[in-house]
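Student: Once you've had a glance at the structure underneath, I'll fire off some questions.
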Amino acid sequence: MRIIDFHTHTFPEKIAERTIEGLSHKSRTMPFSDGTEAGLIEKMKKAGIERSVVLPVATTSKQVEKVNDASARLNEERAVDGLYSFGCMHPDYEGYRKELARIKALGFKGIKLHPVYQGVALDDIRNLNVIDRAAELGLAVVTHTGYDVGYPGVDLCSPKRARHVIDTIGEFPFVLAHMGGWMQWDEVPEYLADTSCYLDTAFSTGKMTPRKEVGELHFPVQMLDKEEFLKLLSIFGSKRILFGTDSPWSDAATEIAFIENLPISEEEKRDIFYNNAQEIL
């Protein structure tokens, strides 16, 4: 079965080691690759993943153009290896309208936002302006949704806030990472079932692997189990679920096996693994 991993991350080789170590320490969880492009490609080959979508995050407005230039370079050089990057945007970047047009012209299919890392609520007017412009240009928007494993209690991108975005902007290709709201999954059907947004599976199933030397996990080890996942799938349907690993933060083979072992049809699995992602791309 063809597989597109719609949610991955890489970092430049010169900073990958310290970046992964810092994020791992803060989240108290273990990575499953070194965070480099080469490391991701190696994991893809072993797991049988055809293509991975890299989702870059600008943590300051000053990084936006530099990150987008690097992402464009990745798309030129790594297409043969199956990597494809989205662009990035920061809500405090003043020239967002012009830069989003440049992102479109460079051939990107979408952008990534991370309200927790960027310190701005998903439905803040700054993000609404960015999302509205992206939608106008036909760009997909992928956002972290729910809590973040490294920032306990920070509530900047809940399912309720995602619903506010949809009610304000209208319908557009909107991908809510982590099954619509990490550790807020009970709110996902209430606020999002009657919309057209997508949910991705990244870092939402199975168990987290803790770094024991830095203390207890901020959140319970258990995430969505099979029954809870199937409940969300029954509500949203296979046409609205995208497979993602959140690499390097989960093991691709384990995440693939979770979907493969669900009691659903082969066509539904194809939707999740490939068809929905291919439609957006």
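Student: Can you tell me the relative contact order of segment 107-254? Whole percent, Cα pairs under 8 Å, sequence separation 6 or more. Each step should come with its number before you reach the end.
Tutor: Numbers: 237 pairs, mean separation 28.4, N = 148.
RCO, segment 107-254: 19 percent.
Student: Would you calculate, for the chain, the mean residue ellipticity at 222 nm contributed by helices, counting each DSSP H stretch of 4 or more residues as -39,500 (n - 2.57) and dividing by all residues, to the nearest 500?
Tutor: Working: 12 runs with 113 residues, N = 281.
When only DSSP H runs of four or more count, the value is -11500 deg cm²/dmol.
Student: Evaluate the Debye formula for the chain with equal point scatterers sitting on the alpha carbons, no solvent, and hand back log10 of I(q)/I(0) at q = 0.09, 0.12, 0.16 Å⁻¹, in q order, two decimals.
Tutor: The computed values of log10 I(q)/I(0) come out as -0.37, -0.69, -1.35.
Student: Given contacts defined as C-alpha pairs under 8 Å and at least six residues apart, what's the relative contact order of the chain, whole-number percent?
Tutor: Averaging sequence separation for qualifying contacts and normalising by length gives 22 percent for the chain.
Student: Mean 1/r over all different Cα pairs, inverted: what Kirkwood radius does segment 31-86 give, in Å?
Tutor: Computed over Cα pairs of segment 31-86, the Kirkwood hydrodynamic radius comes out at 12.0 Å.
Student: To the nearest 10 square angstrom, what accessible area does Val57 show with a 1.4 Å probe?
Tutor: Roughly 40 Å² of Val57 is accessible to a 1.4 Å probe.
Student: Right, something else. Using a Cα distance threshold of under 24 Å, what count of lysine pairs results for segment 117-269 when pairs must be 8 or more residues apart or interchain?
Tutor: Step by step, the pairs that qualify in segment 117-269 add up to 10.
Student: Go ahead and run the numbers for FRET between Glu279 and Arg211, Cβ-Cβ distance against an R0 of 45 Å, rounding to 0.05.
Tutor: In this case the efficiency is close to 0.75.
Student: Taking all pairs of different Cα atoms in segment 95-143, averaging 1/r and flipping that mean, what Kirkwood radius in angstroms comes out? All intermediate terms of the calculation are to be shown ahead of the outcome.
Tutor: On the way: mean 1/r = 0.0917 Å⁻¹.
The Cα-based Kirkwood calculation yields 10.9 Å.
Student: Label points 7 Å out from Cα along the Cβ direction at Asp194 and Tyr151: separation in nm?
Tutor: 3.0
Student: For segment 2-24 and segment 203-281, what is the centre-to-centre distance using only Cα atoms, to the nearest Å?
Tutor: Comparing the Cα centres of segment 2-24 and segment 203-281, I get a distance of 18 Å.
Student: Another question about this same structure. On full extension of the chain, what length is gained from Ser61 through Ala253, given 0.36 nm per residue of separation minus the C-alpha to C-alpha distance?
Tutor: Here the answer is 65.6 nm.
Student: For labels at Gln222 and Glu42 in the simple 7 Å Cα→Cβ model, what's the distance in nm?
Tutor: 3.5
Student: Classify segment 122-281 as rounded, prolate or oblate from the Cα gyration tensor: take a ≥ b ≥ c as the square roots of its eigenvalues, call it rounded if a/c is under 1.5, otherwise prolate when a/b beats b/c and oblate if not.
Tutor: Oblate, since a/c reaches 1.5 and b/c is not below a/b.
Student: Ok, one more. Give the distance, in whole Å, between the Cα centre of segment 90-112 and the Cα centre of segment 43-75.
Tutor: Answer, in whole Å: 14.
Student: Another question, then. Kindly report the accessible area of segment 114-272 per residue (heavy atoms of protein chains, probe 1.4 Å, no ligands, DNA or RNA), in Å². Mind dumping the intermediate values first?
Tutor: Numbers: 6150 Å² over 159 residues.
Ligands and nucleic acids excluded, the result is 39 Å² per residue.
Student: Select from Leu262, Leu40, Leu83 the residue whose mean-square fluctuation is largest in a Gaussian network model of the chain (Cα-Cα springs shorter than 10 Å).
Tutor: Looking only at Leu262, Leu40, Leu83, the largest GNM fluctuation is found for Leu262.
Student: Take every Cα-Cα distance within segment 4-146, group them into 10 Å bins from 0 onward, and report for each bin the whole-number percent of pairs it holds.
Tutor: All Cα pairs considered, the percentages come to 12, 42, 35, 12, 0.
The values are calculated or read from the model by the stated rules, or taken from the named source; none is laboratory data. On a predicted model such as this, the values are computed, not experimentally measured, just so you know. As a convention, Cβ positions derive from the backbone with ideal geometry for all residues, glycine included, and neighbour counts pool all protein chains shown. Ligands, DNA and RNA are excluded from the accessible area calculation, which covers all protein heavy atoms including side chains. Shrake-Rupley method; radii C 1.70, N 1.55, O 1.52, S 1.80 Å.
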